[in-house]
1. Residues in the range 150-165: is at least one on the phi < 0 side of the Ramachandran plot, out of contact with any Ser or Thr (no Cβ under 6 Å at 6 or more places or on another chain) and buried (at least 20 other Cβ atoms within 10 Å of the Cβ)?
2. Go through (1) under 15 Å from the mean Cα position of the chain (by Cα); (2) surrounded by fewer than 21 Cβ atoms within 10 Å (Cβ to Cβ) and name the single condition Q115 misses.
3. Mind counting the residues in the range 121-149 that are surrounded by 13 or more Cβ atoms within 10 Å (Cβ to Cβ), aliphatic (A, V, I, L, M) and assigned to a loop (DSSP other than H, G, I, E, B)?
4. Exactly one condition in (1) surrounded by 19 or more Cβ atoms within 10 Å (Cβ to Cβ); (2) at pLDDT 95 or above is false for L107; which is it?
5. I'm checking my understanding of the structure. Among residues of the range 65-77 that are more than 11 Å from the chain's Cα centre (by Cα) and in contact (Cβ under 8 Å) with a residue 12 or more places away in the chain, which one is surrounded by the most Cβ atoms within 10 Å (Cβ to Cβ)?
6. Exactly one of (1) of a type outside the set (A, V, I, L, M); (2) crowded, with 19+ Cβ neighbours inside 10 Å; (3) over 20 Å from Q171 (Cβ atoms) is unmet by R98. Its number?
7. Yes or no: A62 surrounded by fewer than 21 Cβ atoms within 10 Å (Cβ to Cβ), at pLDDT 90 or above and in contact with a Leu (Cβ under 9 Å, 6 or more places away or on another chain)?
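The values are calculated or read from the model by the stated rules, or taken from the named source; none is laboratory data. Just so it is clear, the model here is predicted, and its values are computed rather than measured. Counting neighbours? That spans all protein chains shown, and the Cβs are built from the backbone with ideal geometry, glycine included.
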Amino acid sequence: MEIMRLIVTGTVGAGKSTFIRSVSEIEVVDTDTRATDETALLKQKTTVAFDFGRLQFGPDMALHLYGTPGQSRFDFMWDILICKGHAYILLIAAHRPREFRQARKILNFMKERVQIPMIIGLTHTDCPGAWSEEDVYLSIGYIDKEQRPPMIKVNPTQRESVAEAVITLVQRLMESCAV
């Protein structure tokens, strides 16, 4: 059986765990624990190791989804997960620009370790104060439009929206394999 490992990464509260729960065909394995630091201002629980979900595509193909913690103090898990990944999506909450610097840090961390296909998933685009795609690109360092990865709006609570993001990521992976 062929297994594709997709990594779902991003800042705290961007929707990583929800993203995986929305499409996983199995009960998601998670390492959520009560938030005790500044994360508690955003949510009650936070991922401290990883989330795991799976999608089965027939008898010979499975898609494994691994969600990283959003906090940089758990970056050792970013390292473990990304080194085995085939592609990744970076989730960014469009309505929290103070976290764009952290998103850029995660992006740079991943790029230092692997050269695999990636896309950006923009979440919370319907919230007051949400930044435009163009402004988010610029804030995380993508000045040159020719060098930008695809960015899609995704609602982690909606299965169809998450499925579209997963399909986009898999297509990007397949395109890179064809080259």
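1. Checking the range 150-165: at least one residue is on the phi < 0 side of the Ramachandran plot, out of contact with any Ser or Thr (no Cβ under 6 Å at 6 or more places or on another chain) and buried (at least 20 other Cβ atoms within 10 Å of the Cβ).
2. Unmet for Q115, out of (1) under 15 Å from the mean Cα position of the chain (by Cα); (2) surrounded by fewer than 21 Cβ atoms within 10 Å (Cβ to Cβ): (1).
3. Summing the residues that are surrounded by 13 or more Cβ atoms within 10 Å (Cβ to Cβ), aliphatic (A, V, I, L, M) and assigned to a loop (DSSP other than H, G, I, E, B) in the range 121-149 gives 2.
4. (2)
5. From the range 65-77, those more than 11 Å from the chain's Cα centre (by Cα) are 71-77; that's our starting set.
So of that shortlist, the ones also in contact (Cβ under 8 Å) with a residue 12 or more places away in the chain come out as 71-72, 74-75, 77.
Working: Q71: 18, S72: 13, F74: 17, D75: 14, M77: 20.
So the residue we want is M77.
6. Exception for R98: condition (2).
7. Numbers: surrounded by fewer than 21 Cβ atoms within 10 Å (Cβ to Cβ): yes; at pLDDT 90 or above: yes; in contact with a Leu (Cβ under 9 Å, 6 or more places away or on another chain): yes.
For A62, the condition - surrounded by fewer than 21 Cβ atoms within 10 Å (Cβ to Cβ), at pLDDT 90 or above and in contact with a Leu (Cβ under 9 Å, 6 or more places away or on another chain) - is met.
Conditions tested, residue by residue: (1) in contact with a Cys (Cβ under 9 Å, 6 or more places away or on another chain); (2) within 25 Å of I167 (Cα to Cα).
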{"residue": "A93", "(1), (2)": "yes, yes"}
{"residue": "R104", "(1), (2)": "no, yes"}
{"residue": "I116", "(1), (2)": "no, yes"}
{"residue": "G121", "(1), (2)": "no, yes"}
{"residue": "E133", "(1), (2)": "no, yes"}
{"residue": "S139", "(1), (2)": "no, no"}
{"residue": "P150", "(1), (2)": "no, yes"}
